[in-house]
Amino acid sequence: MSVVSEHMARCIAQGSMIRRMFEAGIELRKKYGADAVCDFSLGNPDLAPPPVVAKAMRDLADRLHEPASLGYMPNAGFPWALDKLAAWLSEQQGVTLTRADVMLSCGAAGALNAFLHTVLEPGDEVLGIAPYFVEYGFYAGNHGGVFRALPCRPADFGPDFAAIEAAIGPRTRAFIANSPNNPSGAVYSLEDMTRLAALLDEASRRNGRPIYLISDEPYRFLAYDGLTVPGVLPLSPHAVVVGSFAKNYGLAGERVGYIALSPSLEDKHTMMAGLILSNRTLGFVNPPVVGQYLMAAALGSSTDEALAVYTRRRDRLAGILRDAGYEFTLPKGTFYFFPKAPGGDDQAAVARLTEQRILAVPGSGFGYPGHFRLSFAVEDAVIERSAEGFRKARG
């Protein structure tokens, strides 16, 4: 007799790969020392927050004598924080948003769960493109939905429109587009996003209910070589944007994320009421107080320095992988490489890397066997000392 639900048992089994990877890292550090291990497994931004964040933290500390300074606020977030968020997103997305169009939550994960909780009926399908962030499947399952991963265009990891059209059915309720993409580093073009939005809108009319285009954008700021990530909100009345401040402002642990609705969404007030209620009843209650102050201070801060650092790291790791004989597509965004596994077995490739004290994540964990993920959110010294290990693991 199981002590957990069947859904949770499946989730635990799927998560065991990541747990084993973390355990292997711990053992390697114990055996060889932390400086001997090259850990490319975690997508944990290692750059400091912008200086305005430290000032905002000091300013907030000076106000903690005020009554309820860290108390509750409306479930969607402080009105002043929502105003600042709406203005920032309006410029980014190319539409006019107000506080009524946005909600803050506990990270992008909290916002995405609140949205799926609001729109899914039992058995509804959420589509996405493999490789994909593995927790999408858990998030859909949390609310009675089913996540279906569809093949990408192998050449550039972009949307395979024939596969998408074939997959859409009467139970399709949402499509998650993650661009810049974790783990592939792909950036979907404006042409691709426009075509995707039009395809989903036509299917919405055919089905008689909306299919929502969810643009998951925590890596929006990390697009290389002059690429621009297109705004999705102008493309469809059923478009929504989910994001956070974890990667661009180094606030991952503060767990502040958001969701923004297309201003042309029909009956958006009912949708927002549902999102706010979900934010509360799922147990998030409201976004973190401290995080909202830090977010508001950081909004609009330049990310050029971070982009320069990650560009340098990307180019150096690309050189190391190329010299060692790995095949890969140069990332257009994010801080991930997704090389092909030599011989096609990603588990075996990661095991060989582990023997060389290099930690990576098998592509199987992202629904895409035959590749492995490397995060270059690491110090330059880690990248430099990995060169010999990559060569030896390649054979």
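With labels modelled as points extended 7 Å from the Cα through the Cβ direction, what inter-label distance (nm, one decimal) is found for Arg195 paired with Phe161?
Result for the modelled spin labels: 0.4 nm.
For region 202-264, which whole-number percentage of the solvent-accessible area (1.4 Å probe, protein heavy atoms only) is attributable to carbon and sulfur atoms?
Numbers: 920 of 1960 Å².
Solvent-exposed carbon and sulfur of region 202-264 make up 47 percent of the total.
Return the sequence-ordered ³J(HN,Hα) values of region 102-111 in whole Hz as given by the Karplus equation 6.51 cos²θ - 1.76 cosθ + 1.60 applied to θ = phi - 60°, using x for Gly and Pro.
Working through the residues one at a time gives 10, 9, 9, 8, 8, x, 4, 4, x, 5 Hz.
How big, on average over all directions, is the shadow cast by the Cα convex hull of region 214-300, in nm²? Can you show the working numbers first?
Details: hull surface 26.2 nm².
Averaged projected area of region 214-300's Cα convex hull equals 6.6 nm².
Provide the percentage of antiparallel DSSP beta bridges, counting only those with both residues in the chain; round to the nearest 5. Don't jump to the answer; show the numbers that get you there.
On the way: 17 of 37 bridges.
The answer is about 45 percent antiparallel.
Ignoring everything except DSSP H segments at least 4 long, calculate the 222 nm mean residue ellipticity for the chain; use -39,500 (n - 2.57) per segment, divide by total residues, nearest 500. Intermediate results must be reported in sequence, preceding the final value.
Numbers: 13 runs with 168 residues, N = 395.
My calculation for the chain gives -13500 deg cm²/dmol from helical runs alone.
Just the Kirkwood number for region 29-163, please: inverse of mean 1/r across all distinct Cα pairs, in Å, one decimal. List each step's numbers first, then the result.
Values: mean 1/r = 0.0514 Å⁻¹.
It works out to 19.4 Å.
What three numbers, in Å, describe the spread of the alpha carbons of region 300-347 along their principal axes, ordered from the longest?
The Cα atoms of region 300-347 stretch 45, 20, 15 Å along the principal axes, largest first.
So how many Å³ per residue does the convex hull of the Cα atoms of region 243-395 work out to?
Working: hull volume 25.4 nm³, N = 153.
With only Cα atoms used, region 243-395 gives 166 Å³ per residue.
For Asp304 and Lys55, compute 0.36 nm times the residue count separating them, minus their Cα-Cα distance, and round to one decimal in nm.
Numbers: separation 249, 0.36 × 249 = 89.64 nm, distance 2.01 nm.
Length gained between Asp304 and Lys55: 87.6 nm.
Given N residues in region 60-114, what is its alpha carbon radius of gyration divided by 2.2 N^0.38 Å?
Values: Rg = 13.5 Å, N = 55, 2.2 N^0.38 = 10.1 Å.
The reported ratio for this selection is 1.34.
Just to confirm, what accessible area per residue do you get for region 272-387 at 1.4 Å probe, in whole Å²? List each step's numbers first, then the result.
On the way: 4410 Å² over 116 residues.
Per residue, region 272-387 has an accessible area of 38 Å².
Express the relative contact order of the chain as a whole percentage, based on alpha carbon pairs under 8 Å and six or more residues apart in sequence. Write out the running numbers ahead of the final one.
Working: 741 pairs, mean separation 91.8, N = 395.
Computed over the chain, the figure is 23 percent.
How big is region 115-196 on each of its three principal axes, counting only the C-alpha atoms and giving the largest first in Å?
Projected onto its principal axes, the Cα set of region 115-196 covers 35, 24, 19 Å.
Return the tail of the calculated pair distribution for region 261-309, meaning the percent of Cα-Cα pairs more than 12 Å apart. List each step's numbers first, then the result.
Details: 877 of 1176 pairs.
Value for region 261-309 (Cα pairs over 12 Å): 75 percent.
How large is the Rg to Rh ratio of region 152-274 when both quantities use alpha carbon positions and Rh follows Kirkwood? Don't skip to the end; give the middle numbers.
Values: Rg = 14.9 Å, Rh = 15.3 Å.
Checking Rg against Rh, the ratio lands at 0.97.
P(r) for the chain, please, calculated from all Cα pair distances in 10 Å bins and given in %.
Taking all Cα pairs of the chain, the binned fractions are 5, 22, 31, 26, 13, 2, 0 percent.
The values are calculated or read from the model by the stated rules, or taken from the named source; none is laboratory data. Treat the numbers as computed from the prediction; the structure is a model and nothing was measured. Heads up, the Cβs are rebuilt from the backbone with ideal geometry, glycines too, and the neighbour counts pull from every protein chain shown. Just so you know, the surface numbers come from the protein's heavy atoms only, side chains and all, with ligands and any DNA or RNA stripped out. Shrake-Rupley method; radii C 1.70, N 1.55, O 1.52, S 1.80 Å.
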